[in-house]
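S.K.: Shown below is the structure under consideration.
The values are calculated or read from the model by the stated rules, or taken from the named source; none is laboratory data. Predicted model only: the values in this text are computed from it and were never measured. Cβ: placed from backbone, ideal geometry, glycine included. Neighbour counts: every protein chain shown. Ligands, DNA and RNA are excluded from the accessible area calculation, which covers all protein heavy atoms including side chains. Shrake-Rupley method; radii C 1.70, N 1.55, O 1.52, S 1.80 Å.
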Amino acid sequence: MQNQVEVRVWELESGALMHRLAGHGTSLYSADFSPDGARFLTSSSNGKLRIWNTETGLLESELDEHDSAI
């Protein structure tokens, strides 16, 4: 069984864990917030870009058109 990467999103002021975002492959390559802070984007070795809702922690969209890591 392959390990899955889990991204943890923390609230800076309180230090509270807001979300655990799972589902990428074994290597996460990048993560960033959108300019307005409403979304959180992750990309990984499985060639997928995922767009998460920052408030709810739910996956909004997944782009998997790449054949290699992004």
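S.K.: With a 1.4 Å probe and every protein chain left in place, work out the accessible area per residue of the stretch 9-51 in Å², rounded to a whole number.
M.R.: Value returned for the stretch 9-51: 60 Å² of accessible area per residue.
S.K.: Indicate the gyration tensor shape class of the stretch 1-55 (rounded, prolate or oblate), computed on the Cα atoms with a ≥ b ≥ c the square roots of the eigenvalues: a/c under 1.5 is rounded; otherwise a/b larger than b/c is prolate and the rest oblate.
M.R.: On the way: a/c = 2.64, a/b = 1.50, b/c = 1.76.
It is oblate, given that a/c is not under 1.5 and a/b is not larger than b/c.
S.K.: Count the net charge of all other residues whose Cβ sits under 13 Å from the Cβ of residue 30, scoring Lys and Arg as +1 and Asp and Glu as -1. Intermediate results must be reported in sequence, preceding the final value.
M.R.: Details: positive: 48, 50; negative: 32.
With Lys, Arg at +1 and Asp, Glu at -1, the neighbours total +1.
S.K.: I've got another one for you. Report the FRET efficiency, 1/(1 + (r/R0)^6), for residue 30 and residue 10, where r is their Cβ-Cβ distance and R0 is 22 Å, rounded to 0.05.
M.R.: Working: r = 18 Å, r/R0 = 0.80.
The value I calculate is 0.80.
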